[in-house]
Each structure stands twice: as structure tokens, then as C-alpha cells.
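Report on one structure; see the data block that follows.
The values are calculated or read from the model by the stated rules, or taken from the named source; none is laboratory data. Just so it is clear, the model here is predicted, and its values are computed rather than measured. Note that we place each Cβ from the backbone using ideal geometry, even for glycine, and neighbour counts take in every protein chain shown. We work out accessible area using only protein heavy atoms, side chains counted, and drop any ligands, DNA or RNA first. Shrake-Rupley method; radii C 1.70, N 1.55, O 1.52, S 1.80 Å.
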Amino acid sequence: MKIPIHFKALINFFSTEKGGLVTPLSSGYRSEIKFPFEMNSFIAAQTFTETELIFPGGSAAVDITLIGAEQFLEKLYNGMDFELYDNSGIIADGVVTEVYAKYN
């Protein structure tokens, strides 16, 4: 079963000096995502559409699928900001640029 892509976002990955990751990321990377005013965090599967790798300190337009977020999907809107986390803390921030039609 293929999981649908929920939205497109512009993500700014922090440099290593600012607490970001040390190594580049490839498409399929999964991290924790947290939206403002939302108590829960979700898993965000990221698909890079414009490049194969994103280096720390870089920015990219990314397709994101939220895993385990069915109750939250109706709250998504263009311009909504969020933060990405991994075990070391906040690694990136971003903004939703397009919510795909099925989830508006």
C-alpha cells in the first residue's frame, strides 16, 4: 500500500554549528515533526524532489508524508510553520507551501 504525500514544504536545515546534522540527508529520511499549538508530534517521511542530497545548512522544497497523523491532517494549511527533530534536538524548520487537494 502506497502512503499518499500530504504536503509540500520549504525546509531550512540547520548547519552543524547551529545544532543541525553532521552528514547530508537523502530522500526517504524520516524525522519527528512538531507543529505549533499541537500537543503531539508525528513522523515525517521526506521525499526530495529537486535533489538527491541535502547538506547541513541547505534549503529545499520537500514532499512530506505524515505517519500516524490522520486526526491532524484536516488542520494543515498553507503557510503553517513547523520544526523537525531527531535525537539531538531541532535540526530544521520549515513552512508548508502546498497542501495537496485531498487534505484541504
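For the range 79-97, name all the residues that are surrounded by fewer than 13 Cβ atoms within 10 Å (Cβ to Cβ) and touching a strand residue (DSSP E or B) at 6+ places or on another chain (Cβ under 7 Å). First the steps, then the outcome.
Quick first cut of the range 79-97, residues surrounded by fewer than 13 Cβ atoms within 10 Å (Cβ to Cβ) only: 79, 81, 87-89.
Correct list: Gly79, Asp81.
Total residues in the range 6-15 satisfying the condition of being open to solvent by 60 Å² or more (accessible area, probe 1.4 Å) and either at pLDDT below 95 or polar (S, T, N, Q) (or both): the figure is 1.
Taken over the range 42-57, the residue count meeting the criterion of being within 16 Å of Tyr85 (Cα to Cα) and out of contact with any Pro (no Cβ under 8 Å at 6 or more places or on another chain) is 6. In the set (1) closer than 13 Å to Lys8 by Cα; (2) in contact with a Ser or Thr (Cβ under 8 Å, 6 or more places away or on another chain), Tyr77 fails one condition alone, (2). Residues that are open to solvent by 60 Å² or more (accessible area, probe 1.4 Å) and in contact (Cβ under 8 Å) with a residue 24 or more places away in the chain within the range 31-41 comprise Glu32, Lys34, Asn40, listed in sequence order. Being out of contact with any Asp or Glu (no Cβ under 7 Å at 6 or more places or on another chain) and open to solvent by 50 Å² or more (accessible area, probe 1.4 Å) is a property that Ile67 has. None of Thr97, Thr51 is at pLDDT below 95 and more than 11 Å from His6 (Cβ to Cβ) except Thr51.
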